[in-house]
1. Being among the polar types (S, T, N, Q), outside any loop (DSSP other than H, G, I, E, B) and more than 7 Å from every other protein chain (Cβ to nearest Cβ), is that true of even one residue in the stretch A:165-186?
2. Among the residues of the stretch A:58-87 satisfying the criterion of being more than 14 Å from every other protein chain (Cβ to nearest Cβ) and within 16 Å of DNA strand C (Cβ to nearest atom), which is surrounded by the most Cβ atoms within 10 Å (Cβ to Cβ)?
3. Take the stretch B:22-57 and flag every residue that is near DNA strand D (Cβ under 9 Å from one of its atoms), within 14 Å of chain A (Cβ to nearest Cβ) and free of Cβ contacts under 8 Å to residues at least 24 places away in the same chain.
4. Consider A:Leu108 carefully, then state whether it is surrounded by 17 or more Cβ atoms within 10 Å (Cβ to Cβ), more than 11 Å from the chain's Cα centre (by Cα) and of a type outside the set (Val, Ile, Thr).
5. Out of the residues in the stretch A:111-122 that are open to solvent by less than 30 Å² (accessible area, probe 1.4 Å), out of contact with any Leu (no Cβ under 6 Å at 6 or more places or on another chain) and outside any helix (DSSP H, G or I), which is nearest to the other protein chains (Cβ to nearest Cβ)?
6. Conditions first: (1) within 15 Å of DNA strand C (Cβ to nearest atom); (2) among the hydroxyl-bearing types (Ser, Thr, Tyr); (3) open to solvent by less than 50 Å² (accessible area, probe 1.4 Å). A:Thr47 passes all but one, so which condition is the exception?
7. Go over the candidates B:Arg135, B:Arg98 one by one and state the one that is away from DNA strand D (no atom under 16 Å from the Cβ), open to solvent by 10 Å² or more (accessible area, probe 1.4 Å), in a helix (DSSP H, G or I) and more than 14 Å from every other protein chain (Cβ to nearest Cβ).
Protein chains: 2
Amino acid sequence: MTEQSPRRMTKGERTRARILDSATELFSRSGFHAVSLRDIAAHAGLTHAGLLHHFPGKEELLVQVLGRRDRVDARLLFGPGTATPEGVLRTVVGFVARNMTTPGLVGLYVKISGESVAPEHPAHAYFVDRYRVLREQLTGAFAALFARADPPPGHDPALAARQLLALMDGLQTQWLLEPDAVDMHAAVTAFIRQLGLDLDLTPEPAPGP
Amino acid sequence: MTEQSPRRMTKGERTRARILDSATELFSRSGFHAVSLRDIAAHAGLTHAGLLHHFPGKEELLVQVLGRRDRVDARLLFGPGTATPEGVLRTVVGFVARNMTTPGLVGLYVKISGESVAPEHPAHAYFVDRYRVLREQLTGAFAALFARADPPPGHDPALAARQLLALMDGLQTQWLLEPDAVDMHAAVTAFIRQLGLDLDLTPEPAPGP
DNA sequence: GTCTATAGAAAGATAGAC
DNA sequence: GTCTATCTTTCTATAGAC
């Protein structure tokens with residue numbers, strides 16, 4: 001969850017990280033508007049005034065919570081694992097598998113993305129951009145895979161990218177409502193098979209120590 | 001939007017309906033937590049104290065807003081138009097087409113369903129039940145259509161039902177973020193075609209007055 | 001049925017002591 | 001860097017006049 005080697009973090013950086021962890025967990029549980037800075041500060045073990053020493057306001061705190069998670073995903077999405085079209089799909093399907101181990105973070109995205117469709121929401125621009133990046137990567141991957149598939153399935157790569165992202169998002173809501181009844185990973189891999197693609201989507205072994 | 005012939009409504013019933021209309025619109029625009037009873041009352045042309053004469057509290061107001069919309073859909077989903085499997089799909093795809101004309105209501109569902117994954121949310125039980133009903137109807141329809149399709153596509157009807165609902169939900173978020181860039185109806189009908197079904201999903205003419 | 005007035009709680013944010 | 005104390009606003013909800 002933290003970003004740097006803890007040994008090299010100052011006390012302030014550690015407090016900041018603790019605040020971000022708490023904000024992530026509470027936003028995940030209840031959304032943005034339903035959580036107060038006092039809640040977050042108490043969870044992180046300080047007062048809300050202490051919290052505001054590290055972050056200028058609630059909105060900025062949300063943006064940083066989202067940004068921190070996103071940096072992890074972006075590294076995966078543009079890293080060495082996505083040099084091939086199969087790699088891109090493997091990585092995205094890997095997000096789904098990973099998400100099934102972190103209901104809190106999934107809750108964060110479901111709640112905040114729902115709130116963020118309002119243009120004045122502090123995370124609106126963030127989500128517009130996030131979909132754009134994921135869509136572009138997936139569109140390129142589908143284009144390559146459809147072109148080399150036999151027989152060519154004749155789907156629109158951009159549409160397939162949008163459908164896959166929509167499927168992933170919609171499954172998250174159903175999974176959060178009834179975790180035991182929904183296998184998001186199975187539903188996503190089945191969709192890719194329905195597109196006429198026969199890929200090995202076994203995830204790469206996790207990098208490093 | 002209103003439910004009864006306006007001529008037979010008392011003044012109180014009319015006010016109640018106006019409040020529900022306003023609550024629907026404002027919840028749609030900004031979600032549950034971000035809207036106050038004062039906002040809703042002002043939009044309906046009375047004070048928040050006047051509003052509370054008609055509804056016991058904010059949560060009950062939300063439940064009634066959702067229930068009113070649902071009664072309309074339930075009538076369609078179990079009405080004469082869904083006597084056949086094709087009719088069920090036609091009706092559900094019709095929901096998508098209708099939704100593209102009412103971004104406000106779509107916003108309501110995206111925001112409230114996102115918030116409602118928390119078990120203590122006033123609309124939690126509502127959404128669990130809503131998915132169950134839609135899933136059951138769609139599973140039955142897919143089972144019949146897969147069985148009679150040539151060649152039989154060999155998909156799991158229950159999984160396809162879940163995928164279709166997830167796709168519809170996920171598309172709504174993308175559509176609300178960028179309305180002009182997303183054609184929900186096209187994406188949904190394409191998905192049904194990808195399942196190996198070749199159906200005429202032209203909507204039935206709306207039932208007359 | 002709707003209002004004014006207000007209670008009481010909680011929110012985000014700031015000032016200044018330590 | 002963190003605290004207490006406080007300001008200001010806004011919220012849900014209630015009481016009682018009209």
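The values are calculated or read from the model by the stated rules, or taken from the named source; none is laboratory data. For clarity, every value in this text was computed on a predicted model and none was experimentally measured. Here the Cβ is made from the backbone with ideal geometry for all residues, glycine too, and neighbour counts use every protein chain on show. When the accessible area is computed, the model is the full protein with side chains, heavy atoms only, and any ligands, DNA or RNA have been set aside. Shrake-Rupley method; radii C 1.70, N 1.55, O 1.52, S 1.80 Å.
1. Scanning the stretch A:165-186 turns up at least one residue that is among the polar types (S, T, N, Q), outside any loop (DSSP other than H, G, I, E, B) and more than 7 Å from every other protein chain (Cβ to nearest Cβ).
2. Looking at residues that are more than 14 Å from every other protein chain (Cβ to nearest Cβ) and within 16 Å of DNA strand C (Cβ to nearest atom), I get A:Val65.
3. Once the filter is applied, which keeps residues that are near DNA strand D (Cβ under 9 Å from one of its atoms), within 14 Å of chain A (Cβ to nearest Cβ) and free of Cβ contacts under 8 Å to residues at least 24 places away in the same chain, the stretch B:22-57 yields B:Ala34, B:Val35, B:Ser36, B:Asp39.
4. Criteria not met by A:Leu108.
5. Filtering the stretch A:111-122 for residues open to solvent by less than 30 Å² (accessible area, probe 1.4 Å) gives A:111-118, A:121.
Going one step further and asking which of them are out of contact with any Leu (no Cβ under 6 Å at 6 or more places or on another chain), we end up with A:111-116, A:118, A:121.
So of that shortlist, the ones also outside any helix (DSSP H, G or I) come out as A:116, A:118, A:121.
On the way: A:Ser116: 8, A:Ala118: 6, A:His121: 9 Å.
If we take residues in the stretch A:111-122 being open to solvent by less than 30 Å² (accessible area, probe 1.4 Å), out of contact with any Leu (no Cβ under 6 Å at 6 or more places or on another chain) and outside any helix (DSSP H, G or I), then A:Ala118 is nearest to the other protein chains (Cβ to nearest Cβ).
6. (3) is the only condition that A:Thr47 fails.
7. Details: B:Arg135 fails: more than 14 Å from every other protein chain (Cβ to nearest Cβ).
One residue alone meets the criteria, B:Arg98.
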